[in-house]
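Below is one structure, written out as structure tokens; comments come after it.
Read the figures in this text as sums done on the coordinates, not as results from a lab. Quick caveat, the model's predicted, so the values are computed rather than measured. Backbone-built Cβ (ideal geometry, glycine too); neighbour counts: all protein chains shown.
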Amino acid sequence: MDLTGKVKAKGHVQIWDANTGALLRDVYNVVTCGGSAFMAAYLSGGSPTDMGWLGVGASATAAVTGDTILVSEISDGDRHVAAISAPGSTSVKFSGSWLAGHHTGSWQEIGIFNHVTTGSGTLFSRATYGLLTKGAGDAFILEYTISFADDGI
């Protein structure tokens with residue numbers, strides 16, 4: 001397939017209960033303007049800091065391309081470092097496990113960042129989903145896949 005001039009990035013987020021294996025959320029995201037600028041800088045020979053951290057937050061405000069931060073990021077020290085893999089030739093997966101006792105509260109948003117510290121760095125993409133409460137004894141696994149494909153133009 002010739003994708004010349006037609007490539008679009010989109011994300012898919014899945015959140016699993018680490019104890020039961022149950023799929024808790026399955027949603028798609030918005031790649032932000034910051035994410036697009038990051039890709040352009042990277043492809044033009046720049047050296048932006050690699051994406052590699054996942055942040056979660058409590059806001060249900062709809063994701064839009066102009067987002068630069070999570071609206072209500074849950075701070076439990078720093079963001080969660082992601083394990084990065086390439087499950088396909090046109091996708092990248094960011095995975096993480098949130099253990100019991102960490103980042104507890106009302107989860108309704110997630111984002112990929114290039115900085116570990118809450119409130120800083122570039123937000124590559126953001127997704128929102130229905131309220132998911134993470135109690136002190138809960139452990140979650142997140143898989144956030146960014147795929148590059150023909151946008152149908």
Given 20 °C and 1.002 mPa s, compute D for the chain with the Stokes-Einstein relation, Rh being the Kirkwood radius over Cα pairs; round to the nearest whole µm²/s.
136 µm²/s
For a quick check: with amide H placed at 1.01 Å from N, whose amide H comes under 5 Å from GLY121's, ignoring anything fewer than 5 positions away on the same chain?
none
Within the chain, helix-based [θ] at 222 nm, where runs of 4 or more DSSP H residues each add -39,500 (n - 2.57), nearest 500
-2000 deg cm²/dmol
Cα axis of helix 33-43 to longest principal axis of the chain: angle in degrees, 0 to 90, nearest 10?
50 degrees
Under the Karplus relation 6.51 cos²θ - 1.76 cosθ + 1.60, θ = phi - 60°, what is the ordered set of whole-Hz ³J(HN,Hα) values for segment 49-58, x standing for Gly and Pro?
4, 4, 6, x, 10, 10, x, 10, x, 10
HN-Hα J couplings of segment 126-139 from phi, Karplus 6.51/-1.76/1.60, θ = phi - 60°, integer Hz, Gly and Pro as x?
9, 10, 10, 7, x, 3, 10, 8, 9, x, 4, x, 7, 10
Euclidean distance between Cα centres, segment 24-79 to segment 86-129, Å
7 Å
Report, in debye and to the nearest 20, how large the dipole of the chain comes out about its Cα centre when Lys and Arg carry +1 and Asp and Glu carry -1 on their Cβ.
120 debye
What percentage of all Cα-Cα pairs in segment 76-121 are separated by more than 11 Å?
74 percent
Backbone HN-Hα couplings from phi across segment 81-91 [Karplus 6.51/-1.76/1.60, Hz, Gly and Pro as x]
5, 9, 7, 10, 9, 10, x, x, 6, 10, 8
Could you give the alpha-carbon Rg of segment 67-146 over 2.2 N^0.38 Å, rounded to two decimals?
1.09
